[in-house]
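Engineer: There's a structure below that I have some questions on.
The values are calculated or read from the model by the stated rules, or taken from the named source; none is laboratory data. Computed from a prediction, not measured in an experiment: that's the story for all the values here. Note that we place each Cβ from the backbone using ideal geometry, even for glycine, and neighbour counts take in every protein chain shown.
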Amino acid sequence: MKGRYYLYEVSSKWNKEKKRAQKITGKILGRITEDKCFTPSLEGWMFINYLALLAYWRILKLLVSKKLLSKVSIKDLLIHLSYIKKIRINGEWHQAKITNKTKKLFAKLGYAIT
């Protein structure tokens with residue numbers, strides 16, 4: 001990747017069809033610098049944490065603007081979001097049943113569940 005050297009997590013698994021070991025490359029553990037030092041890979045972890053924090057603050061801002069923070073926590077809202085599911089039946093996507101509590105919460109927030 002861009003002329004740099006990286007240290008990967010590697011394991012092997014026996015492949016019965018080919019009758020030989022197969023190398024399995026895992027996650028990137030870090031980067032090997034030009035002076036042959038090892039720097040752990042934190043860029044991906046930091047990016048994911050940044051996105052999570054950004055989503056958290058946007059949800060917090062939404063709850064404060066709708067004056068719902070005293071009634072609904074961010075964790076509760078995320079749990080209600082996890083209840084919204086689409087299912088595929090005979091090649092067509094359908095909305096799974098949603099509880100009335102979730103419908104009312106999203107109506108208060110001004111969002112339609114589609």
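Engineer: Among the strands (runs of 3 or more DSSP E) confined wholly to segment 10-114, which include 2 or more residues that are in contact (Cβ under 8 Å) with a residue 12 or more places away in the chain and surrounded by 11 or more Cβ atoms within 10 Å (Cβ to Cβ)?
Structural biologist: 20-32
Engineer: Follow-up question, since we're still on this one. In segment 12-62, which residue that is touching a helix residue (DSSP H, G or I) at 6+ places or on another chain (Cβ under 8 Å), modelled with pLDDT of 80 or more and not hydroxyl-bearing (Ser, Thr, Tyr) is farthest from Lys75 (Cα to Cα)?
Structural biologist: Restricting to residues being touching a helix residue (DSSP H, G or I) at 6+ places or on another chain (Cβ under 8 Å), modelled with pLDDT of 80 or more and not hydroxyl-bearing (Ser, Thr, Tyr), the top hit is Leu62.
Engineer: For segment 64-108, how many residues meet the condition of being touching a strand residue (DSSP E or B) at 6+ places or on another chain (Cβ under 8 Å) and among the acidic types (Asp, Glu)?
Structural biologist: 0
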